[in-house]
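Right, I'll just put the structure down here and ask away after.
The values are calculated or read from the model by the stated rules, or taken from the named source; none is laboratory data. What you are looking at is a predicted structure, and each value in this text was computed from that prediction instead of being measured. Cβ sites come from the backbone with ideal geometry, for glycine too, and all protein chains shown count toward neighbours. These accessible areas exclude ligands, DNA and RNA; they are computed on the full protein's heavy atoms, side chains included. Shrake-Rupley method; radii C 1.70, N 1.55, O 1.52, S 1.80 Å.
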Amino acid sequence: MWNPDSSPDRTFTPLPLGCVRPLGWLREQLRIQAEGQTGLLEQHWPDLGQNSAWLGGDGEGWERGPYYVDGLVPLAFLLNDSCLVARAERWIDWTLNHQHRSGWFGPATLEDWWPLAIMAKALTQWAEATGDPRVEPFLGRFFEHLEKEAPSRPFQAWAVARWADMALSIQWLHRRTGNSGLLRALAETHRQGLSWTHWFQWFPATAKPARETFRFSHFTHVVNNAMGIKAPAVEWEITGWEFSRAAVWQALLMLDQYHGQATGLFSGDEHLAGPSPTQGTELCAVVEYMFSLEKLLATFGDPLFGDRLEMLAYNALPATFDPWMRAHQYDQQANQVLCDIHPRAWVNNEPDSNLFGLDPNFGCCTANYHQGWPKFVASLCMRSEDDGLALVAHGPCEVRTTVRGAAVSLRVETDYPFRDTVEVRYDGPDGHRFPLWVRIPAWAKGATVAGVDAPEGTFHKVDRQWKPGDVLTIRLPMAPRVLRRPSGGIAVARGPLVFSLRIGERWRVVRGKEPLPDYEVLPTTPWNYALRSDGEAIEAVFEERPLRPPFFSPENAPVAARVEAAQVPRWTLVEGSAGPVPQGDLSHGSEERVELVPYGCAKLRITEFPFYS
Ligand SMILES: [Zn+2]
């Protein structure tokens, strides 16, 4: 599946922040985020409160402020919410007003390069959305400082592992200013960093480490890997090394093969933890993997990156929040039947890691996850090399930009991924000609665009003279699929959605206080089911239901399936998680029909099932 030769040798350019805005259910989802933790944290979490050192106080002054702003900025502009924009502006203003004469910036106590890489990303987005003239000279001074200073005061720890994120902002500024001095800063940043190219080409992390012998390494850290996936691509842009380019596909191959999960995620709790469906994946890794895929999609134009991006955005991302996004997990599990404080088989995380709450295990995710939904929405449409547009991922949105010298708008109206039809309405000059590239997912056999067959796993080109009011209809047939898993079990997918057993949930506050307490979630119905299937196909009756918020809750699942299943009494809890998926002859109880709902809706769930025929 992951093959560098499959890349179509096509690149896309992301549109500036603000050109793509959410519509329909996706807009409501972003509002849920804005009114959930994202909107409440400044008041209720000291690390992002008035006392943050990034606002001039003497509180947290490392990565948490920058992480938050990196998500708050795109959320504010995608929603066009003046209140959120004003909030973001306080952090941005403080930062822009606190640059040292040398070019260094940030809280007075800060000596680490890493948080500056995050804040630089936030500033680039701010500049795109507002045209703020302060940002380019500010970053120019900082990168000049980096070029001169880093050789004698090198990057440390996280900055070494995450150098590519610094590089992205240098590249951004270079594209805008053409200042060739920035290429030296870029080369220095590359020189300072870990070689993710070698890591993925060599890849010794082929199993979960034993708890007793585990030792911290930046190379096995789950978030570093999620971020590091894009590093070979950035390295290739800097050096032109073919070896680096090939390492991008190798990264996905290795992570899928040795740590892959049914949702397209890989495990890490918080180091790479093998393919078992009860290992956890840290939320930071979900949003960083998405951001990496958005970069890879632009750089290489491989539609498979879009398929994977949608899987993460529509499964793993919503799954790890409560439906109203007021609580999140540190670690999510594919087979997650009990969320409580209990020592689990994590590599090195704490017993509270799968609670839903404010900052279970550690507060990095609390600060970092805000970028997930907004950057995904901002990336749905990109510019193509032939000065057209490309729908690289699907979801309801409106695109407003200039194409071939004329202002155009595309309204992408759809309830995808819960429905299979996408309608694109054009508005702009009559008879304006430009190409629109439409990503056809690899699973969409029999897809059509404007009635024309469109092969799966490609970008389908529509080149026409557009008339105002034109509607382009895209149909992406979603036949149910059975996925074989390394556990010996199966998972069920339909379109980009993975489906899980709906389990009764009882939410109970265990600590913390309103409005952002920590919850445990206890099962109120059995979960130890096997599905009737031959392992290749499954008889499932899908039912589409009305879309109403919150979309990612078991009650409101916008699509659900009924399947034949039977309980397997010997499948029980082991160390607070569902035991290994039972193998061999299953002695099971009588058959019944059970309901599967999208993975993102089921906060308790079985996703990898044993099966019988
Ligand atoms: Zn985290």
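Listed here are the residues, each with its yes/no results for (1) touching a helix residue (DSSP H, G or I) at 6+ places or on another chain (Cβ under 7 Å); (2) closer than 19 Å to Q333 by Cα.
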site	(1), (2)
F499	no, yes
W507	no, yes
G512	no, no
Y519	no, yes
W527	no, yes
L531	no, no
E536	no, no
P550	yes, no
S553	no, yes
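Let me ask you something else. Going by the conditions given, is L183 over 24 Å from G106 (Cβ atoms) and not β-branched (V, I, T)?
Numbers: over 24 Å from G106 (Cβ atoms): yes; not β-branched (V, I, T): yes.
Spelling it out, L183 is indeed over 24 Å from G106 (Cβ atoms) and not β-branched (V, I, T).
For E60, which of the numbered conditions (1) under 20 Å from L380 (Cβ atoms); (2) open to solvent by less than 50 Å² (accessible area, probe 1.4 Å); (3) touching a helix residue (DSSP H, G or I) at 6+ places or on another chain (Cβ under 9 Å) fails to hold?
Every condition holds for E60 apart from (1).
Determine which member of the set F214, F243, F219 is at pLDDT below 95, open to solvent by 10 Å² or more (accessible area, probe 1.4 Å) and of a type in the set (F, W, Y).
Working: F243 fails: at pLDDT below 95; F219 fails: at pLDDT below 95.
F214 is the lone residue from the list that is at pLDDT below 95, open to solvent by 10 Å² or more (accessible area, probe 1.4 Å) and of a type in the set (F, W, Y).
State which residue is surrounded by the fewest Cβ atoms within 10 Å (Cβ to Cβ) when the search covers only segment 322-354 and only residues that are within 16 Å of the ligand (Cβ to nearest atom) and more than 20 Å from the chain's Cα centre (by Cα).
N348
If you go through segment 469-525 one residue at a time, how many are of a type in the set (F, W, Y) and over 30 Å from L40 (Cβ atoms)? If you could, list the steps in order and put the result at the bottom.
Within segment 469-525, the first condition is being of a type in the set (F, W, Y), and the residues that meet it are 499, 507, 519.
Keeping just the survivors that are over 30 Å from L40 (Cβ atoms) gives 499.
Qualifying residue count for the region: 1.
With A367, A319, A390 as the choices, which residue is under 30 Å from I474 (Cα atoms), of a type outside the set (D, E) and within 16 Å of the ligand (Cβ to nearest atom)?
Numbers: A367 fails: under 30 Å from I474 (Cα atoms); A390 fails: within 16 Å of the ligand (Cβ to nearest atom).
On inspection, the qualifying residue turns out to be A319.
Moving to a separate point now. Pick from segment 286-315 the residues that are closer than 25 Å to V482 by Cβ and within 16 Å of the ligand (Cβ to nearest atom): which of them is surrounded by the fewest Cβ atoms within 10 Å (Cβ to Cβ)?
L312
Out of P417, P468, which single residue is touching a strand residue (DSSP E or B) at 6+ places or on another chain (Cβ under 7 Å) and open to solvent by 40 Å² or more (accessible area, probe 1.4 Å)? Even if it seems obvious, please write down each step before you answer.
Working: P417 fails: open to solvent by 40 Å² or more (accessible area, probe 1.4 Å).
Going through P417, P468 in turn, the sole match is P468.
Quick check, is R141 assigned to a helix (DSSP H, G or I), open to solvent by 10 Å² or more (accessible area, probe 1.4 Å) and either farther than 28 Å from E60 by Cα or in contact with a helix residue (DSSP H, G or I) (Cβ under 8 Å, 6 or more places away or on another chain) (or both)?
Details: assigned to a helix (DSSP H, G or I): yes; open to solvent by 10 Å² or more (accessible area, probe 1.4 Å): yes; either farther than 28 Å from E60 by Cα or in contact with a helix residue (DSSP H, G or I) (Cβ under 8 Å, 6 or more places away or on another chain) (or both): no.
No, not satisfied.
Given the criteria in contact (Cβ under 8 Å) with a residue 12 or more places away in the chain, out of contact with any His (no Cβ under 7 Å at 6 or more places or on another chain), in a loop (DSSP other than H, G, I, E, B) and surrounded by fewer than 17 Cβ atoms within 10 Å (Cβ to Cβ), does P582 qualify?
On the way: in contact (Cβ under 8 Å) with a residue 12 or more places away in the chain: yes; out of contact with any His (no Cβ under 7 Å at 6 or more places or on another chain): yes; in a loop (DSSP other than H, G, I, E, B): yes; surrounded by fewer than 17 Cβ atoms within 10 Å (Cβ to Cβ): no.
So P582 fails the test.
Assess whether D359 counts as being within 16 Å of the ligand (Cβ to nearest atom) and over 18 Å from the mean Cα position of the chain (by Cα). Give the derivation first.
On the way: within 16 Å of the ligand (Cβ to nearest atom): yes; over 18 Å from the mean Cα position of the chain (by Cα): yes.
Answer is yes for this residue.
Can you say whether P546 is surrounded by fewer than 17 Cβ atoms within 10 Å (Cβ to Cβ), touching a residue at least 12 places away in the same chain (Cβ under 8 Å) and not acidic (D, E), as far as the supplied structure shows?
Yes; evaluated as a whole, the condition is true for this residue.
Taking strands (runs of 3 or more DSSP E) that fall entirely within segment 488-537, which contain at least 2 residues that are of a type in the set (D, E)? Walk me through it before giving the result.
Values: elements: 490-494, 497-501, 505-511, 518-523, 529-532.
Counting at least 2 such residues, we get 518-523.
Ok, one more. Provide a single number: the residues in segment 157-184 that are in contact (Cβ under 8 Å) with a residue 24 or more places away in the chain, farther than 17 Å from I118 by Cβ and part of a helix (DSSP H, G or I). Before the answer, list the steps.
First, the residues of segment 157-184 that are in contact (Cβ under 8 Å) with a residue 24 or more places away in the chain: 157-173, 176-177, 179, 181-182, 184.
When the remaining residues are screened for being farther than 17 Å from I118 by Cβ, the result is 176-177, 179, 181-182, 184.
With part of a helix (DSSP H, G or I) added as a condition, the list becomes 176-177, 181-182, 184.
Matching residues across segment 157-184 total 5.
For segment 411-423, give me the residue count where each residue is assigned to a strand (DSSP E or B) and either outside the structural domain of A444 (by TED's automatic domain parsing) or within 20 Å of A454 (Cα to Cα) (or both).
Taking segment 411-423 as the starting set, the residues that turn out to be assigned to a strand (DSSP E or B) are 411-414, 421-423.
Add one more test, that the residue is either outside the structural domain of A444 (by TED's automatic domain parsing) or within 20 Å of A454 (Cα to Cα) (or both), and what stays is 412-414, 421-423.
Within segment 411-423, residues that are assigned to a strand (DSSP E or B) and either outside the structural domain of A444 (by TED's automatic domain parsing) or within 20 Å of A454 (Cα to Cα) (or both) number 6.
Select from segment 246-285 the residues that are open to solvent by 10 Å² or more (accessible area, probe 1.4 Å) and under 23 Å from L168 (Cα atoms) and write down the one among them that is nearest to the ligand (Cβ to nearest atom).
The selected residue is Q250.
Can you confirm whether F434 is in contact with a helix residue (DSSP H, G or I) (Cβ under 7 Å, 6 or more places away or on another chain) and either free of Cβ contacts under 8 Å to residues at least 60 places away in the same chain or in a strand (DSSP E or B) (or both)? Give the steps one after another, and end with the answer.
Numbers: in contact with a helix residue (DSSP H, G or I) (Cβ under 7 Å, 6 or more places away or on another chain): no; either free of Cβ contacts under 8 Å to residues at least 60 places away in the same chain or in a strand (DSSP E or B) (or both): yes.
No: the conditions fail for F434.
Residues being open to solvent by less than 30 Å² (accessible area, probe 1.4 Å) and within 19 Å of D112 (Cβ to Cβ): count how many of those fall in segment 42-54. So that I can check it myself, show each step before the final result.
Restricting attention to segment 42-54, the residues satisfying the condition of being open to solvent by less than 30 Å² (accessible area, probe 1.4 Å) are 42, 45, 48-49, 52-54.
Checking which are within 19 Å of D112 (Cβ to Cβ) leaves us with 48, 52-54.
Count: 4.
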